[in-house]
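Worksheet for the structure shown next.
The values are calculated or read from the model by the stated rules, or taken from the named source; none is laboratory data. This one's a predicted model, so the numbers in the text were calculated from it and none came from an experiment. When we count neighbours, we look across all protein chains shown, and the Cβ atoms used for this are built from the backbone with ideal geometry, even at glycine.
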């Protein structure tokens, strides 16, 4: 279990983290969401020993992370960084060895990961000669090549084309299935929703919502309905008890139901205005959950 | 992987990337060629013995012997050529076949023909007078005994002639100065490269700043030492093979001294350069933060040139104790035989203390400034910065 426990961090008067706690189980893919400046990067840098928490700690398998255990973590910093003049394979071998791989293990892993990430042809090239997309792949390979027990990736998908996104997603899912806890931050919430078993939403230095996407929906409490009545006049649902109109556009209406509201009453009200072409429970997307959670915080 | 394992990996990377760097290979070649060039120059310029050719009209074997002996006394090797008459003599001098020509050396009015006044004048004058004295004595029936050999008793003997050792030390200091600048730059560039490319964040997630710093300085230090030893081997072998120096023990002693001072000087300057470089994020800004330290090196170099002229001067004596200057000045004083053993010991002790201080403060600055990218970090900020 990878546990972030009560992290507090201030830079001057700016309290960036105010007690961030969450945990990621082995084999779990954890999507770390939050607005810009919410403190995602700071949280990850504290885990990697690049910033020191004022309070709280990060533990792996019950023990606080130290230099030795951090070498078991594959890390991708937000600020991408590689040696521009070093060749791809040499560079990856170096990083694998810094994480404790033997020379032979490192060579084997570099061959494997450059192959998987479509970099086989670039092994002998200097990083500065590669396209940005390929540099990004090398950066990923640098995080993966040491066969890490844990993956902490800061915005790993940003800057990748759809093919790159797919190959990274495959690689992460495969690592995950092998029992590696994966934490990654992203603004691409559709991607998070698709890939992650669990999500944490960070706002103003705190985790304001966490759990599986289903749990977040359930915790949202209310149910939503989408009702399409092409002929209905605007504001038709306003008078129905226990109903709040979320959006309404040319007869396409999204409604928020209070816990005690009866959806059949809503259907009856809709039918009174004309033929109903669509009537269904609506699952809020992660984007909506995110907005909700962030604005409530 | 142990703590030292990381340091070793960093050092290994520094060595393998630098050793393949074109600039490094080129600079190594230039320095080796320079050393070989200086030796060849020494050899061609002929050291202390010069030579001259003197033409003689109306000479005989005793004239030849007298000229050669007189030349030997003046430290000049004399070759004697017989010429037919005055016209031939003038021609030979004009054509440069001979440096001077003597007419009628044993006669009443011997004449010397030269292009312009030269050292040959003195050689010929004393030869002519010796011949005349010998002839007059022979007329009087005096038989000459060989003159007794002069024995010199030195009251304050210099153990050897220190001149060549000082030259070697000076040459060593030139190389040392060049290498300190070169490898100091390498360290500084390496630090900024890691900062500007932001790879430092990835590196520091696997090790502490001091491990990165130590690995970098050690790796480049090993490379510098190898280069210096290579230059020394080429230089010493060449000097012995070409017979440029007369006292091999002194030569090797001086070279070893220079190597030892390189190690001390490098540890000092590399730490300062690394700390200074960590304050900036772009190679373009490197010059401004390195200038003060580079100036110190230049001052040390200039003082060492002065010390070679006058190793006993107050300036040389004082600066040979100043940390940062001592690695360049002390080798010259040592080679000149001007430094007592305790002076060397004190100078080394001061330098080691300075290194300890510089490594401590420099390490703090480096650790504090390394993750602050963008712009230039103030020294005070770096010292206050949290170290993760």
Inset, instruction - Might you check whether a residue that is part of a loop (DSSP other than H, G, I, E, B), surrounded by 22 or more Cβ atoms within 10 Å (Cβ to Cβ) and in contact with a helix residue (DSSP H, G or I) (Cβ under 9 Å, 6 or more places away or on another chain) occurs anywhere in the stretch A:122-143? - result: no
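Let's see how each residue does on (1) over 23 Å from residue A:186 (Cβ atoms); (2) at the interface with chain B (Cβ under 9 Å from one of its Cβ atoms); (3) modelled with pLDDT under 95:
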| position | (1), (2), (3) |
| --- | --- |
| A:16 | no, no, yes |
| A:20 | no, no, yes |
| A:40 | no, no, yes |
| A:46 | no, yes, yes |
| A:86 | yes, yes, yes |
Inset, instruction - Give the stretch B:5-45 a look and list any residue that's assigned to a helix (DSSP H, G or I) and over 27 Å from the mean Cα position of the chain (by Cα), or say none. - result: B:5, B:6, B:7, B:8, B:9, B:10, B:11, B:12, B:13, B:14, B:16, B:17
Legend entry - Residue list for the stretch A:168-186, filter: in contact with a helix residue (DSSP H, G or I) (Cβ under 8 Å, 6 or more places away or on another chain) and buried (at least 16 other Cβ atoms within 10 Å of the Cβ): A:168, A:169, A:171, A:172, A:175, A:182, A:183, A:184, A:185, A:186
Legend entry - Members of the stretch B:67-96 that are more than 18 Å from residue B:50 (Cβ to Cβ) and either outside any helix (DSSP H, G or I) or within 38 Å of the chain's Cα centre (by Cα) (or both): B:82, B:83, B:84, B:85
Legend entry - Failed item, numbered, when residue A:245 is tested on (1) at pLDDT 85 or above; (2) in a loop (DSSP other than H, G, I, E, B): (2)
Inset, instruction - Pairs only if they're at least six apart or on different chains, beta carbon under 6 angstrom, first in the stretch A:52-67 and closer than 17 Å to residue A:183 by Cβ, second part of a loop (DSSP other than H, G, I, E, B); list them, first residue then second. - result: A:58/A:65
Legend entry - Residues of the stretch A:248-273 satisfying the condition of being modelled with pLDDT of 85 or more and part of a strand (DSSP E or B): A:248, A:249, A:252, A:253, A:254, A:255
Legend entry - Matching option when the condition is assigned to a helix (DSSP H, G or I) and buried (at least 18 other Cβ atoms within 10 Å of the Cβ), among B:346, B:303: B:303
Legend entry - From B:199, B:174, B:191, residue being at pLDDT 90 or above and away from every other protein chain (no Cβ under 12 Å): B:191
Legend entry - Residue in the stretch A:104-116 that is on the phi < 0 side of the Ramachandran plot, within 14 Å of chain B (Cβ to nearest Cβ) and surrounded by 15 or more Cβ atoms within 10 Å (Cβ to Cβ) present: yes
Legend entry - Candidates A:24, A:58, filtered to the one that is under 16 Å from the mean Cα position of the chain (by Cα), within 27 Å of residue A:175 (Cα to Cα) and buried (at least 21 other Cβ atoms within 10 Å of the Cβ): A:24
Legend entry - Residues within the stretch B:14-57 that are within 30 Å of residue B:101 (Cβ to Cβ) and buried (at least 18 other Cβ atoms within 10 Å of the Cβ), tallied: 5
